[in-house]
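> I have a structure I would like to understand better, so I am pasting it below and will then ask my questions one at a time.
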Amino acid sequence: MQDIIAIYGSTCSLKTEVAQQLSRLTGFKVTNRGELATTRAKFLRLATAGQLSIEEHRRIDAETLRMAARDERLMIFESSLMDAVLRDVPRVFWVRLYADDATRNARWTRRKEDGGGRTRQLGESVSARDAEDAKLRSMLYASTAGAVTPAIEIDTSGQKAPDVAARIWAAFEKTSGIQNVVTNKPEMDKSAARGINPGPASGVVRRFSAKQSPFGGYIADDRSGKEIYVHKSALKGASELAPGTRVEFQIVEDGFGGFKATNVTLAAA
């Protein structure tokens, strides 16, 4: 690993959106520790990731550290607790994002509405999520204070994710020596998501298995012609899908610089 961009900060400080924009800008993947935790919590049918056991959180941290040790040109990491998780990893470019309470509460409300009230990354409120994160930080890392010194701090109140991402990348380029990544990234990274747009979609199931990895399958999107990943938990009113089945679904960002299908239902006859 030559360099890591690690983004941290309180909930609704625009971390996920900025990390996704950095991924689009550079072609490098995003690792979201919070997504790993919420996925595990959903599997265990827990309300929030904060309800996971300490042992589960330590396993997630260990997996995050294994990812950070990979021999990659660059990786982007994002989480409220990332400063504590990667504090002993060398050559990390630390980014702290923050926003005023009014902005954070407005973002929280919007995400809840966009998720139909079921957004699993959020708790009951911004203050409840802050308290949950502080408790985890204390239990897991024996500290409630910041574990690192950020290379850049940005107030994201009133700002858009692409603009914040551009500022971060400009600052990172000056210290890392990594430049021209967009023109030098592999062709497969350039075209992987081309033509895919978030929102309502329809398509045909290519392959699917709820019992074998990746515990889901792929849908050929009618609009883009690309295959969209669908996890078995995204199915509504079905537990399996046969190849060739026509379905309707929502395309959403997956938190890793790509897209996935949610709310998958059988297409009307």
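What follows is calculated from the coordinates using simple rules that are stated; it is not laboratory data. Please read all numbers here as calculations on a predicted model, not as lab measurements.
> Return the Rg/Rh ratio of the chain with Cα-based radii and a Kirkwood Rh. Before the final figure, lay out the partial values.
Details: Rg = 18.9 Å, Rh = 19.7 Å.
Reported Rg/Rh, Kirkwood definition of Rh: 0.96.
> Then there is this: Which entries in LYS15/LYS211; LYS135/LYS174; LYS15/LYS112; LYS174/LYS260; LYS29/LYS174; LYS135/LYS232 show an alpha-carbon gap greater than 28 Å? Display every interim value, and only then the final one.
On the way: LYS15/LYS211 33 Å; LYS135/LYS174 36 Å; LYS15/LYS112 17 Å; LYS174/LYS260 34 Å; LYS29/LYS174 21 Å; LYS135/LYS232 32 Å.
In this structure, LYS15/LYS211; LYS135/LYS174; LYS174/LYS260; LYS135/LYS232 exceed 28 Å between Cα atoms.
> Hey, another quick one. Determine the gain in length on full extension of the stretch ALA102-SER138; use 0.36 nm per residue of separation and subtract their C-alpha separation, reporting nm with one decimal.
My answer for the length gained is 10.4 nm.
> I'd like the orientation of helix 101-114 relative to the chain: the angle between its Cα long axis and the longest Cα principal axis, in ° from 0 to 90, rounded to 10.
The two axes meet at around 10 degrees.
> Can you quote the Å³ per residue value for the convex hull of the Cα atoms in region 193-266, rounded to an integer?
So the per-residue Cα hull volume is 75 Å³.
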